[in-house]
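Worksheet for the structure shown next.
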Amino acid sequence: MRIALHNYRADLAEALKSYVERRVRFALHRFGSRVGQVTVRICGNGPAESSCRISTEILPFGRIAVEECDADMFVAIDRATGRISRLFGRELERARDARAGRESIRLVA
């Protein structure tokens with residue numbers, strides 16, 4: 001899993017960078033080799049709102065992305081990593097169901 005972290009108008013200390021990497025790895029490690037490039041964009045729009053956008057590649061199916069906004073940057077990061085983990089699992093399940101559906105049709109015919 002390769003993680004690219006981009007910072008837009010936010011002060012990212014080294015501790016915040018390591019926090020983001022740790023949360024993303026925790027959220028996606030169970031999917032193993034299915035995870036391709038992960039891009040995390042942190043944007044601080046003043047003291048009232050921060051956003052975290054996570055985009056990841058599902059090998060070999062495509063890309064998925066989520067975005068979360070909150071006043072607290074850590075909350076936005078936590079919510080975004082939770083959502084990307086659930087969405088990743090759903091997409092893999094959808095692909096498995098489609099594949100199983102095709103195989104069962106072939107067996108019936």
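The values are calculated or read from the model by the stated rules, or taken from the named source; none is laboratory data. Note that the structure is predicted; figures quoted are calculated from it, not measured. Here Cβ is always computed from backbone atoms with ideal geometry, including for glycine, and neighbour counts include all displayed protein chains.
With the checklist (1) under 13 Å from the mean Cα position of the chain (by Cα); (2) outside any strand (DSSP E or B); (3) modelled with pLDDT under 95; (4) polar (S, T, N, Q) in hand, flag the one item residue 37 doesn't pass.
(2)
When residues of region 41-79 are filtered for being touching a residue at least 40 places away in the same chain (Cβ under 8 Å), touching a strand residue (DSSP E or B) at 6+ places or on another chain (Cβ under 7 Å) and either part of a helix (DSSP H, G or I) or under 13 Å from residue 3 (Cβ atoms) (or both), how many remain?
Of the residues in region 41-79, the ones touching a residue at least 40 places away in the same chain (Cβ under 8 Å) are 50, 73-74, 77-78.
Narrowing further to those that are touching a strand residue (DSSP E or B) at 6+ places or on another chain (Cβ under 7 Å): 50, 73, 77.
Of the ones still in play, those that are also either part of a helix (DSSP H, G or I) or under 13 Å from residue 3 (Cβ atoms) (or both) are 73, 77.
Count: 2.
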